[in-house]
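Q: Right, I'll just put the structure down here and ask away after.
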Amino acid sequence: MRAIITGITGQDGSYLTELLLGKGYEVHGIVRRSSTMQRPRLDHQVHDQSIYGKKLFLHYSDLTDTTSLRRIIQRVEPTEFYHLAGQSHVGLSFDIPESTCELTAMGTLRILEILRDLSPTPKFLHASSREIFGTPTQSPQDESTPVNPNSPYGAAKAFANQLVKIYRESHGLFFCNAICFNHESPRRAENFVTRKISLAAAKIKLGLQNELLLGNIDTHRDWGFAAEFVEAMWRILQQPSPKDFILATGQSHSVQDFIQFAFQHVGLNWKDYYRLDPRFHRPTEPQNLLGNASLAERELGWKHQTSLQQLAALMVDHDLALLKNL
Amino acid sequence: MDKSALITGITGQDGSYLAELLLQKGYTVHGLVRRSSSFSTGRIDHLYRDIHENPKLLLHYGDLTDGQALTNLVLNLQPDEIYNLGAQSHVRVSFDQPVYTLMTDGVGALNVLEAARILNNSKPVRVYQASSSEMYGDVLETPQKETTPFNPQSPYACAKVYAFFQTINYRRSYGLFACNGILFNHESPRRGETFVTRKITRAATRIKLGLQKKLFLGNLDAKRDWGFAKDYVEAMWLMLQHQQADDFVIATGHTYSIREFLDLVFSKLDLNWNDYVEIDPRYFRPAEVELLLGDPTKAKQLLGWSPKTSLQELAEIMVDHDLELAKRELHNQSFQS
């Protein structure tokens with residue numbers, strides 16, 4: 001079994017790498033060249049000489065670079081392809097809509113076109129996003145909810161999501177979308193709200209910071225744990241037939257709830273530290289985001305395990321250890 | 001009146017030294033960064049704490065291949081100077097990713113020039129284009145100077161030659177104050193760890209502390225003209241302060257082989273590199289540039305610039321820095337186990 005992962009240096013990519021290596025896969029990751037070698041989420045595997053160069057391989061390419069992508073894919077001949085890469089920050093997609101579209105929408109299309117020409121065609125999983133629903137009129141959302149994005153990121157993901165479905169149906173390929181609701185972890189990037197909060201709670205606890213600046217904290221999200229989500233992605237490709245699945249917890253919490261859980265965990269009252277900063281407001285906020293993952297539960301036997309309170313504790317503990325280690 | 005500058009590639013070696021230099025001179029510095037889920041600002045973190053603490057350094061997300069976002073940014077910021085240092089700068093990687101390299105290093109430079117050309121209609125702006133000694137490739141004369149014809153030997157060099165001539169084209173056609181700095185190799189403790197000098201100083205110091213046993217390298221006979229990046233960013237700034245836009249070779253005028261650099265580094269650590277270095281043909285380039293030697297006379301005469309740091313001093317600076325890094329690594333290992 002041989003898998004290619006795009007976005008392997010990201011949160012989900014690193015968890016998926018661990019999962020697949022544990023199952024005996026040979027894992028090939030695609031990485032962008034950068035003068036700063038920042039791959040902290042993969043460092044423990046890359047520096048392990050029994051893994052790197054033997055079971056795990058990294059290749060330089062870019063979602064905008066068709067020829068080098070094709071060369072790598074043809075050489076590796078993967079049995080499964082996990083496409084997790086993209087410009088994944090929603091707020092930023094308003095500032096850089098063109099490169100978001102280029103990477104997230106066109107990047108996916110390029111890969112679909114390359115895979116389509118392979119024989120046999122590998123199974124393909126696209127990490128889609130609940131952002132494709134934008135502000136949905138029905139709640140909770142399931143696989144039949146109409147697509148109605150309200151950010152450049154959501155629009156790009158909607159394009160990619162629909163193309164995966166079109167390639168599946170018109171070419172009869174095993175191509176699937178995992179429509180993921182928010183999923184967090186200690187490996188979340190530091191400019192996403194949950195990680196920003198867990199880091200702030202840890203820093204304030206250690207006396208390294210005085211306040212927590214955030215935008216609107218009344219917004220609600222359906223937040224799960226990333227390590228569990230990648231397990232579901234793998235299971236999607238082990239099914240007898242290809243299908244799209246919603247991955248979610250089915251529970252809605254506000255940003256304020258998460259702040260409370262995180263600060264409670266270190267014995268602090270969040271109200272003493274939180275301050276509203278309008279700079280972090282998004283031009284539009286998605287509403288009514290709540291996923292219905294009952295299809296995944298029925299067909300994949302998958303259900304989320306970690307509660308948001310447990311997740312917040314997990315993240316704060318990690319950040320405390322990180323800061324003490326510096 | 002305070003000046004402002006936009007630096008692409010601000011998270012890189014040169015970008016970080018240039019940002020320091022310009023901040024010291026009182027500039028407001030804007031940096032272009034690619035969005036990535038892992039942060040890439042390690043080299044400027046000491047400058048960039050918080051916008052409330054240092055309002056003179058601001059980072060903006062963008063990409064050289066996204067011309068529209070770049071133009072919007074340039075028109076909004078209205079910088080006095082633009083330094084285009086952003087690139088896929090690794091020669092060996094450019095053989096694997098030729099298209100991406102041309103998009104970023106060639107078309108990316110064109111996007112910068114286009115944005116500057118539009119801004120220049122309403123407000124004067126000066127542009128620095130980071131050209132490279134790699135453009136001389138299979139060299140047609142030695143030493144290489146501003147009049148030496150180019151003979152590129154890699155996709156990276158071809159892309160840089162394209163950007164070089166576009167820079168001249170925008171100067172001639174639109175009167176844009178646009179300069180090429182043809183920089184020969186320039187190293188520092190902030191060099192990326194896949195580049196040969198840094199690879200050597202990292203490995204030598206890790207070997208010294210028992211963290212590593214072997215160092216794998218390609219062609220040890222390749223000769224380069226190596227300077228110190230901190231000296232070289234000064235030349236970039238001087239070019240944009242000159243009375244007229246021009247192109248300059250920036251080099252030391254001395255050349256050393258990789259073998260000689262190994263001698264400098266390992267002897268400083270009381271080690272013999274022959275005991276540790278192994279040749280790995282994977283690191284050979286499909287086409288190698290054998291001898292690069294720059295003649296910086298024009299920069300000396302017109303800009304009053306000359307290099308301050310010898311290769312021996314540079315090796316010492318890098319070894320000292322990487323020895324500290326290796327010690328920290330050793331400390332962290334004992335902490336974890």
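Q: What residues in segment B:17-49 lose 30 Å² or more of accessible surface when the other protein chains are added to their chain alone (1.4 Å probe)?
A: Output list: B:ARG34, B:ARG35, B:SER37, B:SER38, B:PHE39, B:SER40, B:ARG43.
Q: Charges on Cβ only, +1 for Lys and Arg, -1 for Asp and Glu, centred on the Cα centroid of segment A:1-132; of A:LEU21, A:TYR82, A:ILE4, which one is farthest towards the dipole's positive end?
A: Toward the positive end, the furthest listed residue is A:LEU21.
Q: Next up: Could you tell me which of A:PHE280, B:THR28, A:TRP302 has its Cα farthest along the dipole of the protein assembly as shown towards the positive end, charges placed at Cβ (Lys, Arg +1; Asp, Glu -1), taken about the Cα centre?
A: So the residue we want is A:TRP302.
Q: Can you find, among B:ALA69, B:LEU303, B:ILE279, the residue farthest towards the positive end of the dipole of chain B? Put +1 on the C-beta of Lys and Arg, -1 on that of Asp and Glu.
A: Working it through, the farthest residue towards the positive pole turns out to be B:ALA69.
Q: Under the definition of Cα pairs under 8 Å and six or more residues apart, what whole-number percent is the relative contact order of chain A?
A: Details: 614 pairs, mean separation 56.8, N = 326.
17 percent.
Q: Further question: Only four residue types carry charge here, +1 at the Cβ of Lys and Arg and -1 at the Cβ of Asp and Glu. Report the dipole size of chain B about the Cα centre in Debye, rounded to the nearest 20.
A: Working: 36 positive and 40 negative charges, 90 e Å.
With Lys and Arg at +1 and Asp and Glu at -1, about 440 debye.
Q: Quote the charge dipole size of chain A about the Cα centre in Debye, to the nearest 20; the model charges only the Cβ of Lys and Arg (+1) and of Asp and Glu (-1).
A: Numbers: 34 positive and 34 negative charges, 121 e Å.
Computed about the Cα centre, the dipole is about 580 debye.
Q: Using a 10 Å cut-off on Cβ to Cβ distances, tally the other chain neighbours for every residue of B:56-65 and report the average as a whole number. Could the numbers behind the result be given before it?
A: Working: counts 0, 0, 0, 0, 2, 7, 5, 8, 1, 6.
Neighbouring Cβ atoms belonging to other protein chains average 3 per residue here.
Q: Here's a follow-up. Whole number in Å², please: accessible area per residue of segment B:60-165, 1.4 Å probe, ligands, DNA and RNA not counted. Write down the numbers at each step before the final one.
A: Details: 3700 Å² over 106 residues.
For segment B:60-165, the solvent-accessible area averages 35 Å² per residue.
Q: List the residues whose amide H sits under 5 Å from the amide H of A:GLU184, counting only those 5 or more places along or on another chain, with H placed 1.01 Å from N in the peptide plane.
A: A:GLY224, A:PHE225, A:ALA226
Q: Give me the dipole magnitude in Debye, nearest 20, for the protein assembly as shown about the Cα centre, with unit charges on the beta carbon: positive for Lys and Arg, negative for Asp and Glu. Write down the numbers at each step before the final one.
A: Working: 70 positive and 74 negative charges, 68 e Å.
That gives a dipole near 320 debye.
Q: On to the next question. Is segment B:270-327 best put as rounded, prolate or oblate by its Cα gyration tensor, with a ≥ b ≥ c the root eigenvalues, rounded for a/c under 1.5, and otherwise prolate when a/b is larger than b/c, oblate when not?
A: Working: a/c = 3.04, a/b = 1.36, b/c = 2.24.
The shape class here is oblate.
Q: Next question, about the same structure. Once you list every other residue whose beta carbon is under 11 Å from the beta carbon of A:SER254, what net charge do they have if Lys and Arg are +1 and Asp and Glu are -1? Each step should come with its number before you reach the end.
A: Values: positive: A:ARG221; negative: A:ASP218, A:ASP257.
So the surrounding residues net to -1.
Q: Same structure again: Counting only protein heavy atoms, what percent of the accessible surface of chain B is carbon or sulfur at a 1.4 Å probe?
A: Working: 6850 of 13940 Å².
Carbon and sulfur together cover 49 percent of it.
Q: Here is a follow-up. So how exposed is B:ARG171, as accessible area in Å² (1.4 Å probe, rounded to 10)?
A: Accessible surface of B:ARG171 is approximately 50 Å².
Q: Moving to a separate point now. Can you send over the solvent-accessible area of B:SER122, 1.4 Å probe, protein chains only, in Å² to the nearest 10?
A: Accessible surface of B:SER122 is approximately 90 Å².
Q: Using θ = phi - 60° and the Karplus relation 6.51 cos²θ - 1.76 cosθ + 1.60, list the HN-Hα couplings for segment A:247-260 in order, rounded to whole Hz, with x at every Gly or Pro.
A: Listing the rounded values in order: 10, 7, 9, x, 10, 10, 9, 8, 4, 4, 4, 5, 4, 4 Hz.
Q: May I pose another question? Need one number: buried accessible surface between chains A and B, 1.4 Å probe, both sides summed, DNA, RNA and ligands left out, in Å² to 100.
A: On the way: alone 14600 and 15330 Å², together 27180 Å².
It comes to approximately 2700 Å² buried between A and B.
Q: Given H placed on each backbone N at 1.01 Å, which residues far from B:LEU58 in sequence or on other chains put an amide H within less than 5 Å of it?
A: Under 5 Å from the amide H of B:LEU58: B:VAL29, B:HIS30, B:GLY31.
Q: How high is the relative contact order of segment A:119-212? Use alpha-carbon pairs under 8 Å, at least six apart in sequence, and give a whole percent. Numbers along the way, then the final one.
A: Numbers: 104 pairs, mean separation 26.0, N = 94.
Relative contact order of segment A:119-212: 28 percent.
Q: Roughly what % antiparallel, to the nearest 5, for the DSSP beta bridges in chain A?
A: Working: 2 of 36 bridges.
Beta bridges within chain A, antiparallel portion: roughly 5 percent.
Q: If you don't mind, there's one more thing I want to ask. With the contact rule set at Cα under 8 Å and sequence spacing of 6 or more, what percent relative contact order holds for chain B?
A: Numbers: 641 pairs, mean separation 56.4, N = 337.
Averaging sequence separation for qualifying contacts and normalising by length gives 17 percent for chain B.
Q: Whole-Hz ³J(HN,Hα) for each residue in segment B:14-30, computed from phi via Karplus 6.51 cos²θ - 1.76 cosθ + 1.60 with θ = phi - 60°, x for glycine and proline: what do you get?
A: Rounded to whole hertz, the list is 5, x, 6, 5, 5, 4, 4, 4, 5, 4, 4, 7, x, 6, 8, 10, 10.
Q: Hey, another quick one. Work through the residues other than B:ASN84 whose Cβ is under 15 Å from its Cβ and net out their charges, Lys, Arg +1 and Asp, Glu -1.
A: Working: positive: B:ARG34, B:ARG117, B:ARG126, B:LYS160, B:ARG171; negative: B:ASP14, B:ASP63, B:ASP66, B:ASP80, B:GLU81, B:ASP105, B:GLU114, B:ASP247.
With Lys, Arg at +1 and Asp, Glu at -1, the net is -3.
Q: Please list, in order along segment A:101-115, the HN-Hα scalar couplings obtained from phi with the Karplus expression 6.51 cos²θ - 1.76 cosθ + 1.60 (θ = phi - 60°), rounded to whole Hz, x for Gly and Pro.
A: Each residue's phi maps through the Karplus curve to give 5, 4, 7, 7, 8, 5, x, 5, 4, 4, 5, 4, 5, 5, 5 Hz.
Q: Please give the solvent-accessible surface of A:ARG279 in Å², to the nearest 10, using a probe radius of 1.4 Å with every protein chain present.
A: Counting only protein heavy atoms, the figure is 130 Å².
Q: Then there is this: Test of the criteria: in segment A:208-316, which chymotrypsin sites (Phe, Trp or Tyr not before Pro) are in a DSSP loop and have at most 13 other Cβ atoms within 10 angstrom of their Cβ?
A: Working: sites: A:TRP223, A:PHE225, A:PHE229, A:TRP234, A:PHE245, A:PHE258, A:PHE261, A:PHE263, A:TRP270, A:TYR273, A:TYR274, A:PHE280, A:TRP302; in loops: A:TRP223, A:TYR273, A:TRP302.
Passing sites in segment A:208-316 do not exist.
Q: Also, quick follow-up: Sequence-distant or interchain residues sharing an amide H contact under 5 Å with A:TYR60, placed H: which?
A: Amide H neighbours of A:TYR60: A:VAL31.
The values are calculated or read from the model by the stated rules, or taken from the named source; none is laboratory data. Owing to the predicted nature of the structure, the values given are computational and were not obtained by experimental measurement. When we count neighbours, we look across all protein chains shown, and the Cβ atoms used for this are built from the backbone with ideal geometry, even at glycine. Quick note on the areas: whole protein, heavy atoms, side chains included, nothing else; ligands and nucleic acids left out. Shrake-Rupley method; radii C 1.70, N 1.55, O 1.52, S 1.80 Å.
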